[in-house]
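What follows is a single structure, written as structure tokens, with notes after it.
Every number here is computed from the coordinates shown, using simple stated rules; none is lab data. Given the structure is predicted, the values throughout are model-derived calculations rather than measurements. Cβ coordinates were reconstructed from backbone atoms using ideal geometry, including for glycine residues, and neighbour counts include every protein chain displayed.
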Protein chains: 2
Amino acid sequence: MKVALDAMGGDHAPEINIVGAVQALKSLEKLSHLYLVGDEDILKAEAAKHKLDLTDPRVSIVHAPEVIGMAEPGAKTVRRKKLSSISIAMDLVKDGTADAFVSAGNTGAAVAAATLKLRCLNGVDRAGIASPLPNEHGICNILDSGANPEAKPEHLVAYAIMGSAYAKYVLGVKEPKVGLMSNGEEDEKGTTFTKETFKLLRQTPGIHFIGNVEGHDLFETQLDIVLCDGFVGNIVLKSVEATAKAVSKWLKTEIKETPLRMAGAVLAQGAFKALKAKSSYETYGGSPLLGVNGVVIIAHGSSTGVAVKNAIRVAVEAVEHKINPRIEEAMATIPTAAPVSEI
Amino acid sequence: MKVALDAMGGDHAPEINIVGAVQALKSLEKLSHLYLVGDEDILKAEAAKHKLDLTDPRVSIVHAPEVIGMAEPGAKTVRRKKLSSISIAMDLVKDGTADAFVSAGNTGAAVAAATLKLRCLNGVDRAGIASPLPNEHGICNILDSGANPEAKPEHLVAYAIMGSAYAKYVLGVKEPKVGLMSNGEEDEKGTTFTKETFKLLRQTPGIHFIGNVEGHDLFETQLDIVLCDGFVGNIVLKSVEATAKAVSKWLKTEIKETPLRMAGAVLAQGAFKALKAKSSYETYGGSPLLGVNGVVIIAHGSSTGVAVKNAIRVAVEAVEHKINPRIEEAMATIPTAAPVSEI
């Protein structure tokens, strides 16, 4: 399992990527090689700082002189900066040097580079990002969380199939359950777009479609994949994260109001830590971009070292469980699957 | 100020409505009359249970033999059940008996009844629900949170104007700030729909449009109105509520794990209570349906008595500050305002 890491990607790059690399090399036995892609001088300096041993045969730096900023327009910048760390890391997957790509950088750029360089899998028209959220029964993935903001109903059908394959073969869920995000749980709720999607999903063999779902289902219902277009998915994901952060911040502020409350919080700190571990994206680490011809893992922009390490772990697991052959198999059995388009 | 309360509406109706009525009559001096609309026998029994004095000249029961269930399709059921509590309460506003309508019942039905019976204000094409969320700088309203799931860009422009009038004249915000919910803060982010809306908002005089906003802005940015179509708004609102609930539930579960944590939580309980007061919809109580020719306040389906009391308070304030004449004034100054359509 060889992974190409965009070492310049993320709000706190390159540091988090080097820290994540150190942890990944230590803890992931199946990781046979890690390519750190980015500015060679910067990465060497950072490696020295964090005691990453560059004489280790499992590591190498691949020089990429350009960086795509977090706020730059994705597709445009990928075309312009041909020597960016995202582009060069993706090339390593394209030419077979690496098995998987990981980046905490500009999501739009990573999606554009993957789509342009790797192309879509047979039978897949548009790729989608599956972003994990903690759920009482396991992990619930929002698919798509931003790759395809103006999706068509057929794209969501393909997401249902790809997401089910991911949950089954990579996450080990026996019978993955798929819901459609809507403005009410009743069958007749929704927009023209979701109603059409609902009809198609009902007819799709091989998936376990449980119908329309709402916010509370993300956390309470046994549910593996929540389908939505990339616009809605991105907004839901960010709103959920923002709410958890606001609740935690406001609770901290209230606790600091009196010494008694602070003493109480110290005694109860184990609970806060356990909650953080359960609810933090650090634990999940990475969101696969499903549907491209290569394993591509998108890590959170504000990833820490632990998050990067876990994103590399997700990449290794996706390669190990042959996610893409599984997706192609599943797509091939679906007569209504979306046609392969020229992107 | 005379308010018609749909006393049969809500997950915990009629009890919460009677409890809310008792509290409203006690605390809201400007409430001159409260019409409790619903099944007379049921309401009399409930009034006796909660010591609501029916000889009080400020209260009367208006009999409505039918109830619209929480899960029934809104518009259809309003047309079918002409003697429902929602219909009859709305009629009281239509014929001038009451100044405002309040319901914790079926939102779709309340919106349909309001639109059918009261019609839209001059210059307004579609009504929208403004749902308050706690924000570090005050209250941030999601507009629309569900009345108009397939909105057009011009509808969001009208929401910007109506929401600004509401924030200014009812909530007392000097210069209300308006954001457009999108999948990124950069101007060029969004879908065909939001990009067109963005362009129109930039050209709209009299509003303070701050551009695209994301999840974290709901809580952190000084922001009074967040615009979105009713589909996205409904999903965001429910996802935010569900996240806050999940975080609180999971924290409770973790606290119960050890006696030490439980002791700590007891000491810190003031902080939990303060957070609950800040973040609960009970405190805000009601979401105005902006754009109809009458004051209509939608309370949360799972409202408690306090929430109903606060929804009645919001109704009284909206009437007191003449929200609808203010909206008509504001709409009249906008040359690009949406045309009045026949609904």
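Cα to Cα, under 18 Å, and not fewer than 8 places away if on the same chain: which aspartates and glutamates meet these conditions relative to residue A:273?
In chain and number order, the partners are A:136, A:241, A:254, A:282, B:254, B:257.
How compact and how long is the protein assembly as shown, expressed as Rg and Dmax of its alpha-carbon atoms in Å?
Reported Rg and Dmax, both Å: 26.8, 89.
Anyone know which of B:253, B:204, B:283 comes out most mobile in the 10 Å Cα GNM of chain B?
B:253
May I ask you to evaluate 6.51 cos²θ - 1.76 cosθ + 1.60, the Karplus curve with θ = phi - 60°, for each residue of segment B:72-77 and list the ³J(HN,Hα) values in order in whole Hz, giving x for glycine and proline?
Using θ = phi - 60°, the values come out as 6, x, x, 4, 4, 6 Hz.
Only four residue types carry charge here, +1 at the Cβ of Lys and Arg and -1 at the Cβ of Asp and Glu. Report the dipole size of the protein assembly as shown about the Cα centre in Debye, rounded to the nearest 20.
With Lys and Arg at +1 and Asp and Glu at -1, about 860 debye.
Please give the net charge around residue B:207, taking every other residue with its beta carbon less than 11 angstrom from that of residue B:207, where Lys and Arg add +1 and Asp and Glu add -1.
Summing Lys/Arg as +1 and Asp/Glu as -1 gives +1.
Residues of segment A:214-246 with amide nitrogen under 14 Å from the 7 Å Cα-to-Cβ point of residue A:278?
A:219-221
Under a 5 Å amide H to amide H cut-off, with H placed in plane at 1.01 Å, what residues pair with residue A:61 once short-range neighbours are removed?
Result for residue A:61 returns A:36.
Tell me which residues come under 5 Å, amide H to amide H, from residue A:226 once H is placed; ignore anything under 5 positions away on its chain.
Counting only residues 5 or more places away or on other chains, the set is A:141, A:142, A:143, A:179.
Could you work out the percent of alpha carbon pairs in segment A:205-294 separated by over 21 Å, rounded to a whole number?
Value for segment A:205-294 (Cα pairs over 21 Å): 51 percent.
Positive end of the charge dipole of segment A:105-223 (Lys, Arg +1 and Asp, Glu -1 on Cβ, about the Cα centre): tell me which of A:111, A:223, A:157 has its Cα farthest that way.
A:111
If I take R0 = 22 Å and measure r between the Cβ atoms of residue B:49 and residue B:12 in this structure, what FRET efficiency does the formula 1/(1 + (r/R0)^6) give, to the nearest 0.05?
About 0.95, to the nearest 0.05.
Using a 10 Å cut-off on Cβ to Cβ distances, tally the other chain neighbours for every residue of A:177-186 and report the average as a whole number.
4
Where does segment A:128-281 land on Rg/Rh, using Cα atoms and the Kirkwood Rh?
Checking Rg against Rh, the ratio lands at 1.08.
Please check: in the Gaussian network model of chain B (C-alpha springs, under 10 Å), which one of B:271, B:315, B:158 has the largest mean-square fluctuation.
Highest fluctuation among the options: B:271.
Determine the shielding of peptide A:247-253 by partner chains: average, over its residues, the number of Cβ atoms on other chains within 10 angstrom of each Cβ.
Per residue, the average neighbour count from other chains is 6.
Within straight cross-link reach of residue B:49, meaning Cα distance under 26 Å, which lysines are found once same-chain residues fewer than 8 apart are removed?
The qualifying lysines are B:2, B:26, B:30, B:309.
Go through segment A:96-105 residue by residue and turn each phi into a ³J(HN,Hα) via Karplus (6.51, -1.76, 1.60, θ = phi - 60°); whole Hz please, and just put x for glycine and proline.
Result, ordered by residue: x, 5, 10, 8, 8, 10, 10, 8, 9, x Hz.
Determine the relative contact order of segment A:128-281: mean sequence separation of Cα pairs under 8 Å and six or more apart, normalised by residue count, in whole percent.
Reported as a whole number, the value is 32 percent.
In the Gaussian network model of chain A, springs joining C-alpha atoms below 10 Å, which of A:280, A:87, A:27 carries the largest mean-square fluctuation?
So, out of A:280, A:87, A:27, the one fluctuating most is A:27.
Output the relative contact order of segment A:1-147, whole-number percent, from Cα pairs under 8 angstrom with separation of 6+ residues.
Normalised by residue count, the contact order of segment A:1-147 is 25 percent.
Put +1 on the Cβ of each Lys and Arg and -1 on the Cβ of each Asp and Glu in segment A:115-260; which of A:190, A:131, A:255 then has its Cα farthest toward the positive end of the dipole?
Result: A:131, furthest along the dipole toward the positive end.
Among the listed pairs A:189/B:199; B:152/B:245; B:249/B:276, give every one whose C-alpha distance is greater than 22 Å.
A:189/B:199; B:152/B:245
Per residue of segment A:163-180, what does 6.51 cos²θ - 1.76 cosθ + 1.60 with θ = phi - 60° give for ³J(HN,Hα)? Whole Hz please, x for Gly and Pro, Karplus curve as stated.
x, 5, 5, 4, 5, 6, 8, 9, 8, x, 8, 4, 10, x, 9, 10, x, 10
So what is the relative contact order of chain B, in percent, for Cα pairs below 8 Å that sit 6 or more residues apart?
24
Whole Å is fine, so just give me how far the alpha carbon centre of segment B:46-69 lies from that of segment B:78-96.
For segment B:46-69 versus segment B:78-96, the Cα centre distance is 16 Å.
Counting only residues 5 or more places away or on other chains, whose amide H sits under 5 Å from the amide H of residue A:213 once H atoms are built in the peptide plane?
Amide H to amide H, under 5 Å and 5 or more residues apart or across chains, residue A:213 pairs with A:180, A:181, A:182.
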